[in-house]
Each structure stands twice: as structure tokens, then as C-alpha cells.
Amino acid sequence: MSIPDAVSESTPEREVPLDDLIAGLERVRAGTYQGRDRNRLVTALVDGDGLVVKIAFAETVAGRDRRIVEMAVQEAVRAARQRLAGAFGRLAATGRAEPSDAGPAGSSVDEPPVFGAATHGAPLLGGVLSDTTVLEER
């Protein structure tokens, strides 16, 4: 089997118009994608470029060891970026952009209840947010 034959076998049968792919890319990049750590201590929201838009902490995070919180933040951000990668993967596979998790960039993070959060632009030092804003319970 030649290389062109192998490529044609792995390529989808239907071609997606370039304008549709560009529009799909714009939709994916305009959205936000949410991820949580496995213990649901931290929820992260990233934009369509994978940049952190918001980090939210569950009420129970206050008594945790700093290293556990650092790992939870990293895990939540990684999970959010994996959802973004999944959106790009679905676009590549189907030619259609699926809706993002939370709408336009900057949308609120839902669940767990948010008691403290850092928003876009807050520096991360050692994996922990150095600038936090206290929010009212939702």
C-alpha cells in the first residue's frame, strides 16, 4: 500500500467546506471549558486558547494542606484543557463544533459552590493563586 492510499483510507469520506471549519474553530475558541479535580475541591475554567479564566474553590479547601490544593488546581486546569482538546478533536473528526461547557469566555463557574476565586490575569505562584477574591456563596 502506498502512502497516498493509506492517507485516503484514513481521511473521512465527506469533505467539510473550509468556511465551516473556520467557523467551527471560531466557536471552539470563543467558548470556555470547565474541569474539576477528582475530589471536587477546585473548579477551573479555561478559554478557547487554554488560558485560565477562573479558578473556584469549594468551601472545604481552606483546611487542606497547601500541596493538596496545588495538585487540585493543576488537576482541574488539566481537566478543563482536556475538554478543550476534546472539542478540537470533535471538530477535526466531524467538522462540527460542539457547544462549550460554559458559554462565552468569562462565564461563571458552576458547582461546587464558590467561596473564593481568582479571575483571569491573577498570577499563579507555586501552583497556588497569589491573588484571590472572596465571592458570595451562590
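The values are calculated or read from the model by the stated rules, or taken from the named source; none is laboratory data. Fair warning: this is a prediction, and the values are worked out from it, not measured in the lab. Glycine gets a Cβ as well: all are built from the backbone with ideal geometry, and neighbour counts include every protein chain shown. These accessible areas exclude ligands, DNA and RNA; they are computed on the full protein's heavy atoms, side chains included. Shrake-Rupley method; radii C 1.70, N 1.55, O 1.52, S 1.80 Å.
Give me the percent of accessible area attributable to carbon and sulfur for the stretch 34-85, probe 1.4 angstrom. If you can, show how the numbers build up before the last one.
On the way: 1220 of 2660 Å².
After summing per-atom areas, the C and S share lands at 46 percent.
Quick one: net charge around residue 75, please, counting Lys, Arg +1 and Asp, Glu -1 for every other residue with C-beta under 9 Å from its C-beta.
In short, +2.
Could you give the dipole magnitude of the stretch 27-103 about its Cα centre, charging the beta-carbon of Lys and Arg +1 and that of Asp and Glu -1, in debye to the nearest 20?
On the way: 14 positive and 9 negative charges, 33 e Å.
Taking the Cα centre of the stretch 27-103 as origin, the dipole is about 160 debye.
Using each residue's phi in the stretch 39-49, evaluate 6.51 cos²θ - 1.76 cosθ + 1.60 at θ = phi - 60° and report the 3J(HN,Hα) Karplus result to the nearest Hz, with x for Gly and Pro.
Result, ordered by residue: 8, 6, 8, 10, 10, 10, 10, 10, 8, x, 9 Hz.
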